[in-house]
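Notes follow the structure.
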Amino acid sequence: MKISGTLIALAVVGAGLTATPALAREGEGLKAHDVLLRVRGIWVNPTGTSDGILPTLPNDRLTVGDSFAPEVDVTWMATDNIGFELIAATTRHSAHGKAGVTSGIGNVVNTWVLPPTLTAQYHFNSKGKIRPYVGAGINYTVFWNEKATPGLVAAVGPTRVHINDSVGYALQGGVDIDLNKKFFLNIDAKYINMDPRATLTTTALGTQTVKTRISPIVVGVGFGIRL
C-alpha cells in the first residue's frame, strides 16, 4: 500500500508538539460538541497511472494532472479529543498520455471530480493552542462532466467518456494553531484511495474500459473558526 510520507511526517511532528510544553500552552482548546468550520486552499496531486489502453496495449497509459481548488470542511467534536470531519470540494483534472501513442496527443480527457470524504479524527493536546490530529475514514468520489479533448477526437474520432464513481479509504494528518480564542490556522494532508474505471467509446477503436489509479495526496492550508 502506497501511503504518503507527508502523513507520516505530520504524525511525527504532531507527537513532538504534544511533548513540547513551550508549544502546548493552555488555550481555549476543544470540548465535546464544538463545531469547527475550516476554509482551505488545496493542492490535489494524483499518484498513479491507468492500465494499458488502445491503440498500443500495454504501452499506452494515462496519468491524471494536479489541480488547485478551494475546500470547505466541518468537524464535529464528539468528545474533547475525538471528532468527525466532512469535506466538500470539487476539482477539475485532465488525463494525458504517459507513454505510447497517446503521449503525443497531450490531454485526452477532462473531468470534474467531487470527492466527499468523512474521517474520524483524534486531536492531541485538545486544550492547547497547537493541536495536531490524525484521522482515517471513507471517501466516495463522483466524476462528472467527463469529456474527450479535441486532440483525442482528432486522433480517433468522436469519443464518449464515462468514469465510474469510486469508493475508497482516506488517511489524514494535520494541525490547528490558535490565532485567538475563535480563529485558528490549519494545515492538513490526506491520502485518498481512488481507483475508478473509465470507459471510452470511440469511432475508430470501439469501446474499452480501463482501471485508473488516481489515489491523490491532498495538501491544504487555510483558516478555521470555532462555532
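Readers should treat all values here as calculations from the given coordinates under stated rules, not as data from a laboratory. Since we're looking at a predicted model, the values are computed, not measured. Every residue, glycine among them, receives a Cβ derived from its backbone with ideal geometry; neighbour counts consider all protein chains shown.
Modelled label positions at K147 and L227, each set 7 Å beyond Cα in the direction of Cβ, lie 3.5 nm from each other. A simple spin-label model places the labels of D195 and V39 3.8 nm from each other, with each point 7 Å out along Cα-to-Cβ. Distance between the 7 Å Cα→Cβ label points at L86 and A204: 4.6 nm. Straightening the chain between A78 and K182 buys 35.6 nm, computed as 0.36 nm per residue apart minus the Cα-Cα spacing. Extension gain for A154-Y140 works out to 1.7 nm (0.36 nm per residue, less the C-alpha to C-alpha distance). Remark on T79: its backbone amide H falls under 5 Å from those of H33, a criterion applied only to residues 5 or more positions apart or on other chains, H modelled at 1.01 Å from N.
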